[in-house]
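The values are calculated or read from the model by the stated rules, or taken from the named source; none is laboratory data. Note that the structure is predicted; figures quoted are calculated from it, not measured. Note that we place each Cβ from the backbone using ideal geometry, even for glycine, and neighbour counts take in every protein chain shown.
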Ligand code: PPS
């Protein structure tokens, strides 16, 4: 094992400049090239600069990156499981050279930090996906991010912090490691068990966390992630209001709440180690690790990416080295006859055990059905109901995809009229041709331009959905990955129903209403979908329409029935 130059949780690094050095840095940075940090980079840089990612002192250099991928170790030998990299565009990278300093800014242009470039390289992303996430399957949100959202070039080097990131929400609940350590010190908390979560907490969580703390005779830190979590998760504003209610349920002086602006990767076992290191840096002595900790869900073939106890096993292997102990999470169930929660392995044969799964809970919330008091606290349920009204009161997007001339626009129009007749929602149609005229007039049909076109549509649709309307989109949208990006953008705010208008290429070509196929065959139109450009068929569309078999009216009716059965319209 390598030498421990900088063990985790030791003296905290101060990466922020102070006094006159800041003013000087601000002046000098005016001449530096400037990079606008992405949402994920903003989360990462905050935790590098405040010491939560100690011993990192910047974005990984190439040597550090290779070590992290190969054996989860930095060149110093210290354990570090997740690559924290600064990904940039090819154009920006082309202007840079080693040794140069660049300014890293937040979206408002505020100088967050200065990075002195050590390396600039183009990573092998497939390798990164395999080593870190154990797969290349884009159903894994972090692999999708790596391939479709992260820039192609990495820039590594040390950071000097200038301005602390500004958060306007829940200010009193945000702490950097030094502040939290000082709070523990002041409270006389020597042993602190941390609970990591990205979900609202209910009674079972309160029971299990409190039990875990009692078991190891420690105080409890509820430290939810409010940076980036899994697409589709409950937004952090709602969650934090819920956490504040749950906090009232613990005996006074036993438990505290602090928010962590982490961008999760859902990397399962490696992520569990990472969470341990971060909690150690925050001054905790224990971390609760549950079944499928930081799991990303299932892969494209419906199998889980990681085994349910992989995270616990990997953590156990490194527990001593990390010098933070794992408290394995016990599944708690409600025993009706005893009117109390107990660990599932302590129930006896005659016990009547009640449980509501996450999926069932979301169904009840979505349909406005009863959620019993034994499951959650009334105030928590009220918060969730406020933020997540029943489905028929939510917005949604119906996203058509299919070849040119497949009939998307005709069916989309028919659907719009039927929804307007129903009258419950405002409806906006974002047809391919209209979007190209009003939103994307400067774009052509290269992959890059098509992706940009579709993400613009996705953005507008997500805003409509967020505000309770119905967006109907009808572009070709030929790429699976871009459609997934749009789904992720929208599912956070309401429904997303993908409709594949699966008219055969032969039929589209035969109809050739606009004469485009003839021109494409003759080579007059280049990069034409289906002829000289790819169309990736959807694998999991909610509705598939074969226009050879259905009239537009019946096709629109089919979609309406689907929306009804999903609870989005009544
Ligand atoms: S994409 O791929 O989703 O961005 O395409 P979209 O915005 O839906 O635009 C498709 C319409 O543009 C016309 N057109 C082409 N389509 C595909 N490939 C090429 N090269 C091309 N050039 C022009 C065509 O009329 C499409 O309209 P629809 O309504 O689909 O037939």
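List every residue pair whose Cβ atoms sit under 7 Å apart, with the two residues 6 or more apart in sequence or on different chains, where the first one lies in the range 509-526 and is outside the structural domain of residue 445 (by TED's automatic domain parsing) and more than 20 Å from residue 407 (Cβ to Cβ) and the second, anywhere, is assigned to a loop (DSSP other than H, G, I, E, B) and more than 10 Å from the ligand (Cβ to nearest atom).
none
Does the range 209-227 include one or more residues that are in contact with a helix residue (DSSP H, G or I) (Cβ under 6 Å, 6 or more places away or on another chain), in a loop (DSSP other than H, G, I, E, B) and either buried (at least 18 other Cβ atoms within 10 Å of the Cβ) or on the phi > 0 side of the Ramachandran plot (or both)?
Within the range 209-227, one or more residues are in contact with a helix residue (DSSP H, G or I) (Cβ under 6 Å, 6 or more places away or on another chain), in a loop (DSSP other than H, G, I, E, B) and either buried (at least 18 other Cβ atoms within 10 Å of the Cβ) or on the phi > 0 side of the Ramachandran plot (or both).
Would you tally the residues in the range 57-71 being closer than 19 Å to residue 318 by Cα, in contact with a helix residue (DSSP H, G or I) (Cβ under 9 Å, 6 or more places away or on another chain) and buried (at least 21 other Cβ atoms within 10 Å of the Cβ)?
So the count comes out to 1.
With respect to residue 450, determine if the residue is near the ligand (Cβ under 8 Å from one of its atoms), farther than 16 Å from residue 429 by Cα and under 24 Å from the mean Cα position of the chain (by Cα).
yes
Which of the residues belonging to the range 417-434 are part of a helix (DSSP H, G or I), in contact with a strand residue (DSSP E or B) (Cβ under 6 Å, 6 or more places away or on another chain) and within 15 Å of the ligand (Cβ to nearest atom)?
Residue satisfying the conditions is 432 alone.
Which one of the conditions (1) touching a residue at least 12 places away in the same chain (Cβ under 8 Å); (2) in the same structural domain as residue 265 (by TED's automatic domain parsing); (3) farther than 17 Å from residue 279 by Cβ does residue 196 fail to meet, given that it meets all the rest?
(3)
How many residues does the range 251-280 contain that are assigned to a loop (DSSP other than H, G, I, E, B), touching a strand residue (DSSP E or B) at 6+ places or on another chain (Cβ under 7 Å) and under 25 Å from residue 374 (Cα atoms)?
The qualifying residues number 1.
Mind checking which residues of the range 513-533 are more than 10 Å from the ligand (Cβ to nearest atom), in contact with a helix residue (DSSP H, G or I) (Cβ under 9 Å, 6 or more places away or on another chain) and in a loop (DSSP other than H, G, I, E, B)?
524
For the range 405-416, which residues satisfy the criterion of being surrounded by 24 or more Cβ atoms within 10 Å (Cβ to Cβ), within 11 Å of the ligand (Cβ to nearest atom) and at negative phi?
Correct list: 406, 408, 412.
Which of the residues belonging to the range 530-570 are in contact (Cβ under 8 Å) with a residue 40 or more places away in the chain, over 28 Å from residue 394 (Cβ atoms) and under 31 Å from the mean Cα position of the chain (by Cα)?
Hits for the range 530-570 are 533, 534, 535, 536.
Which condition number does residue 483 fail, the rest of (1) assigned to a helix (DSSP H, G or I); (2) within 9 Å of the ligand (Cβ to nearest atom); (3) in contact with a strand residue (DSSP E or B) (Cβ under 8 Å, 6 or more places away or on another chain) being met?
(2)
Could you please find all residues in the range 547-570 being surrounded by 15 or more Cβ atoms within 10 Å (Cβ to Cβ) and part of a loop (DSSP other than H, G, I, E, B)?
Once the filter is applied, which keeps residues that are surrounded by 15 or more Cβ atoms within 10 Å (Cβ to Cβ) and part of a loop (DSSP other than H, G, I, E, B), the range 547-570 yields 547, 550, 566, 567, 568, 569.
Please name all residue pairs, on different chains or six or more residues apart, with Cβ atoms under 7 Å, provided the first residue is in the range 463-479 and is at positive phi and the second residue is within 16 Å of the ligand (Cβ to nearest atom).
Listed pairs, sorted by first residue: 477/401; 477/454; 477/483.
If you go through the range 435-447, how many residues are under 17 Å from residue 480 (Cα atoms) and either away from the ligand (no atom under 13 Å from the Cβ) or touching a residue at least 40 places away in the same chain (Cβ under 8 Å) (or both)?
2
Of all residues in the range 492-508, how many are in a loop (DSSP other than H, G, I, E, B) and in contact (Cβ under 8 Å) with a residue 60 or more places away in the chain?
Result for the range 492-508: 5.
Have a look at 549, 536, 509 and point out the one that is modelled with pLDDT under 95 and either touching a strand residue (DSSP E or B) at 6+ places or on another chain (Cβ under 8 Å) or more than 10 Å from the ligand (Cβ to nearest atom) (or both).
Every option except 549 fails the conditions.
State all residues of the range 176-190 that are surrounded by 15 or more Cβ atoms within 10 Å (Cβ to Cβ) and farther than 27 Å from residue 229 by Cα; if no residue qualifies, say none.
Selection gives 189 alone.
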